[in-house]
């Protein structure tokens with residue numbers, strides 16, 4: 001808002017003032033600009049926004065035409081922001097954040113729409129993921145979930161590369177994330193076959209060749225998880241109980 005006396009006559013300016021009329025960029029234009037800046041290519045930005053590469057190119061071109069200057073330079077498939085484009089990146093993020101805050105203030109989850117690229121570990125997929133997705137569909141009916149089930153290490157890489165929006169995985173994380181929250185803990189155990197004739201009871205990691213997070217002992221057959229907190233596999237009727245390795 002500008003406060004003061006009456007506006008000066010038009011002849012006061014050598015040319016029309018830059019902000020003499022409001023320019024209202026389309027929100028999709030701002031989303032495209034931020035996506036290309038974050039991901040580095042029009043193709044990946046199109047995948048992120050669930051649209052086509054020509055649509056992303058068109059939105060950027062229209063935004064540059066409205067502004068009157070170039071936001072980014074294209075070179076052999078790669079994209080880099082111009083100095084003026086770099087200066088507008090933070091305000092563009094603020095616009096998107098304000099839009100999210102506006103929708104949140106409306107207190108209506110049905111207003112959220114789009115695609116959520118969700119990555120989960122196999123542990124999550126086989127335990128509490130189904131009821132989670134059912135509840136999410138009921139609360140956010142206009143959000144489509146693209147599900148990826150993979151190892152936690154691969155999920156971390158995909159999240160860092162902006163190929164996923166959210167992951168449910170085991171920690172610790174080897175990459176910095178914008179936000180993380182602990183969802184719970186689950187006990188694990190490595191179980192050796194009774195046919196190996198190992199002594200009963202628990203074995204140390206050194207006894208089975210545990211090295212830098214990798215099991216190398218040939219006596220280890222499987223990993224089990226018990227929701228009850230038990231780390232012992234059920235014993236076979238005709239065999240001695242298996243030896244549990246922690």
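What follows is calculated from the coordinates using simple rules that are stated; it is not laboratory data. What you see is a predicted model; the values in this text were computed from it and never measured. All Cβ positions, glycine included, derive from the backbone under ideal geometry; neighbour counts span all protein chains shown.
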- Spin-label zone in segment 35-74 - amide nitrogen under 12 Å from a point set 7 Å from the Cα of residue 115 along the C-beta vector: 44-53
- Message: No solvent, one uniform scatterer per C-alpha: report log10 I(q)/I(0) for segment 24-105 via the Debye equation at q = 0.12, 0.20, 0.26 1/Å, two decimals.
- Response: -0.31, -0.87, -1.40
- Query: Can you list the equivalent-ellipsoid semi-axes of segment 104-149, largest first and in whole Å, using the square root of 5 times each Cα gyration tensor eigenvalue?
  - Reply: 23, 11, 8
- For 188, 112, order by how many other beta-carbon atoms lie within 10 Å, fewest first: 188, 112
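Based on the mean of other beta carbon atoms within 10 Å per residue, what is the order of 130-142, 56-68, most packed first?
Packing order, densest peptide first, comes out as 56-68, 130-142.
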